[in-house]
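Working notes, structure below.
The values are calculated or read from the model by the stated rules, or taken from the named source; none is laboratory data. On a predicted model such as this, the values are computed, not experimentally measured, just so you know. Here the Cβ positions follow ideal geometry from the backbone for every residue, glycine too, while neighbour counts run over all protein chains shown. Heads up: the accessible areas ignore ligands, DNA and RNA and are worked out on the full protein's heavy atoms, side chains in. Shrake-Rupley method; radii C 1.70, N 1.55, O 1.52, S 1.80 Å.
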Amino acid sequence: MNLNKIFPWLSIRNKLLIAFAGLSILPVAFVGVYSILTNVRMMREIAIGQLTEDVQTIREKSENFLDDIYSDLRVLQNSSFVEAWMEKTASHQHFPQSDLQHIATELFAFAKTKGFYYQFRLIGENGDEVLRIECDNPTDSLRTYRIVPSSDLRQSRETYYFLLVHGITDNQIAFAPAELLDRNGMRIPVISFAMPLERHNRCIGILIANVFEKKLIEVIESKNGSGSTRKLVLATGEGHYLYRSDMQKDWNRLLASRDEENLQHDYPTSITASILSGKSGTVTKGMSDIVSYAPLFESGTQVHPRTMTSSFAVPIIVFESESVNVVLGPVRTYALTYVGFLALFLLSAVGLGLIATRQITGPIAALQRGAEVIAQGNYGNALKVETHDEIEKLSDQFNIMAASLRAHEQEIQGHRTQLEEMVKRRTQELQEEKGKLQAVLDNVPSAFVLLDRLFRIQTVSAAFASVTGIGLPQVDKNGQFELVGDSHNNTESPWQRAAVSGEIETFVQQINDESKSARFLEYIAIPMKEESSVNAVVVIISDITKRKNFEQQLVHTEKLVAAGEMSSIIAHEFRNALTSVKMILQLFTESEKVTRTEKKSLAVALDSIYHMESIVTELLNFARPKPVQLAMTDLNKIVQECLEFVGPHLQQHNIKITTSLDRTIKQQSLDGSRMKEAIINLLLNSIQAQDGAGAMTRKGCIEVSTRQVRLKDTIRDIAYGERVPLSKESDGGSEIILEKKSECTLIEIHDNGKGIGKDELRRVFDPFYTTKTNGTGLGLPMVKRTVIAHG
């Protein structure tokens, strides 16, 4: 065993002290601990034996007490008057009242002679009480008894006692603890003994003797060998206390307070289950007492055996316990004495060890102090140790080593001065080159990021924060470079692909800035090769949001131009053709040769022509929109006029309209006709949205509101077709920017229709896109054109 590895912090002196103390203490400690454990085991065995003997003595006395009760009941059963009552009852003959009086007199004399019976009762086969003898004053030590008048006898069936004696013969008894109420309402703890009276294999009655429970307690307390520190307990098979020696003054209330006083409340569940198991045994673990337990009465030929789960014949368990502290008290006294002597021996051993080890550790400490001085660079200090042994030889070797180190130190100092000058000059040159390069990178609008082979950030340019929105301190904290706003990206990043392929890789990412506006970042990953292997990657990050927006707008503008040209051509050709067809149809309708049925068909055709003309008009309006004519106008008045216009449609579709118009909105510069056209278009869309699925089972509702708001986020859009008053000129087009917290007017139109699906929502402003069977797909594009035209 290597103690240096197990206890590396121990000094030589401590190790020697441990050795001295161990040699002097370990043998004594081993003998002492062995004797203590032996005494503990012996004291436990003695306590268990005494407790088991006490419990056995209690059981023997209890069995004798039970035999006495059984003998008394047998004597009463075989008396001539009881025999006569049984014969006449079995043959359904009338038993004279005078003979019942004789039975009562005999039971009265018997109870008075014994003195420990509380009641004698005779129950007939119909459950009625035939007679009852009871103690007149249970609290009086001089027992006085009385014969209960027939008018006070109970005339109800005694179900409990019939169930108690069920299945036993007339030479057996059943018993159970109980509580009775005397005439004054006081509780009387008793043990009820019941003997069935049978004739011709038929139970014709029950003889009941209720014995004061205190009599059984007196029998149990008369046992020998019970110490004053031991606790004796009687409990039912359900765990309720009948008697506790530590509650001698209040023992007779235990059964009444069974909810608070029970074994389950005072002992662990496993120990309670063992005590109530109906078997004899002892418990020495899991609690602070030693317990010996057993059933109070053995099941024999004279006592009807009952199982622990019986509802009526409740078993009685006796157990006696003694505190472990009391049992092991002498052992503790011995242990304290032993510990005192052990401490004395230990102090003596440590004192002698200190004296002996000082002769060794003193020179070693002097050697250690000298070595520390040499370690600090004072090589001229010589160690002086005079022990005339190995330690003195070791100090001489230290002095030789110090002289050699001094010579080498002077040589190294010369080389160090020369190297410092070279490093200083080269560092200055590198700093100048780095400053030039950093100045170039910091003035480029794109951000530059240098990553090592593990894709950790080495340096970034000043534009990084403005392009990505991530501060430089946060970059240093993250260490690992990731796509902006996506720390859990599972796809392979462009710099990872560049490191693998060795080629330049690009990637465009769409993110949302603080105002939730879409931004586009372009990543260009350039691998840095050294000897055909990539050891770093330069990532160039550029904000291409404007370029992307104008690309999208260019595509959208091209769509609108194409749609306008197509609309103009179609409208021109269709209008001429429709005019000719309409005139011919009108001439036919005015002819007298046309029948009524034919006129109806011509009317349907004319309606279709009118509908097609309205579509042609929409196409022309879309292809050649009216120019914006701004004038100071009341927005709320425009909304009211729109609601009046769609009023008939609302009534026709049974749609309820609710309005919330902000009267504080001032007049604004608006094109009233185009704004009215846009609002009416939206209202008609809301009305048509009510005709979808479920419209017949619910009432339609449209809410229209206006109010002044301050924007929570910046809103951006691209203007097209017309020059708008609030736009900002940008490269390639006009961009509308409504800054955050700017004051605007909001018009909201809300209906309870089925809504617009996600896939449809992104196409609602495309010309000719519609989900309606008779729609043109030009309504919402024209609405947006009007809103954009107003900035």
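Evaluate E = 1/(1 + (r/R0)^6) for Thr595 and Lys754, where r is the Cβ-Cβ distance and R0 equals 45 Å; express this FRET efficiency to the nearest 0.05. Can you show the working numbers first?
Working: r = 45 Å, r/R0 = 0.99.
Working from the Cβ atoms, E equals 0.50.
Near Gln413, within a Cβ-to-Cβ distance under 14 Å, what is the net charge of the other residues, with Lys and Arg +1 and Asp and Glu -1? Net charge in that neighbourhood comes out at -2.
Cα centroid separation, the range 115-150 to the range 450-468: 104 Å.
Amide H to amide H, with H built 1.01 Å from N, Ser446 comes under 5 Å of no residue 5 or more places away or on another chain. Most tightly packed first, judged by the mean number of other beta-carbon atoms within 10 Å of their residues, the peptides 749-757, 404-412 read 749-757, 404-412.
How much length, in nm to one decimal, is gained on full extension between Gln97 and Ala343, taken as 0.36 nm per residue of separation minus their Cα-Cα distance? The partial results should precede the final answer.
Working: separation 246, 0.36 × 246 = 88.56 nm, distance 8.85 nm.
Gain on stretching Gln97 to Ala343: 79.7 nm.
For the range 648-688, what does the alpha-carbon gyration tensor say about shape, rounded, prolate or oblate, given a ≥ b ≥ c as the root eigenvalues, a/c under 1.5 as rounded, and a/b over b/c as prolate? Since a/c reaches 1.5 but b/c is at least a/b, the shape of the range 648-688 is classed as oblate.
If a spin label sat at a point 7 angstrom from the Cα of Ser151 along the line to its beta carbon, the backbone N atoms of the range 82-125 nearer than 19 Å would be those of 97-98, 101. Computed over protein heavy atoms with a 1.4 Å probe, the carbon and sulfur contribution to the accessible area of the range 74-151 reaches 53%.
Each residue of the range 179-187 is assigned a 3J(HN,Hα), and the resulting list reads 10, 10, 9, 7, 5, 8, x, 7, 6 Hz, derived from the Karplus form 6.51 cos²θ - 1.76 cosθ + 1.60 (θ = phi - 60°), x at Gly and Pro.
Roughly speaking, what is the centre-to-centre gap between the range 768-787 and the range 9-72 when only Cα atoms are used, to the nearest Å? Cα centroid to Cα centroid, the span is 99 Å. Taking amide hydrogens as placed 1.01 Å from N in the peptide plane, the amide H of Asp671 sits under 5 Å from those of Ala631, each at least 5 positions away in sequence or on another chain. Among 121-129, 338-346, the peptide with the highest mean count of other Cβ atoms within 10 Å heads the list, and the full ranking is 121-129, 338-346.
Other residues whose C-beta falls under 15 angstrom from the C-beta of His102 contribute a net charge of -3, scoring Lys and Arg +1 and Asp and Glu -1.
Applying a DSSP loop filter and a limit of 16 other Cβ atoms within 10 Å to the trypsin sites (Lys or Arg not before Pro) in the range 417-464 leaves Arg453. Per-residue HN-Hα couplings for the range 118-123, Karplus 6.51 cos²θ - 1.76 cosθ + 1.60 at θ = phi - 60°, whole Hz, x for Gly and Pro? For the range 118-123, the Karplus-derived couplings read 8, 8, 10, 9, 10, 10 Hz, x marking Gly and Pro. In this simple spin-label model, placing a label point 7 Å from the Cα along the Cα-to-Cβ direction at both Ser280 and Glu390 gives a separation of 7.0 nm.
Each residue of the range 80-89 was assigned a 3J(HN,Hα) from its phi angle through the Karplus curve 6.51 cos²θ - 1.76 cosθ + 1.60 (θ = phi - 60°); the sequence is 5, 5, 5, 4, 5, 4, 5, 5, 5, 5 Hz, with glycine and proline shown as x. Charge tally around Ile747: other residues with Cβ under 11 Å, Lys/Arg +1 each, Asp/Glu -1 each, net -1.
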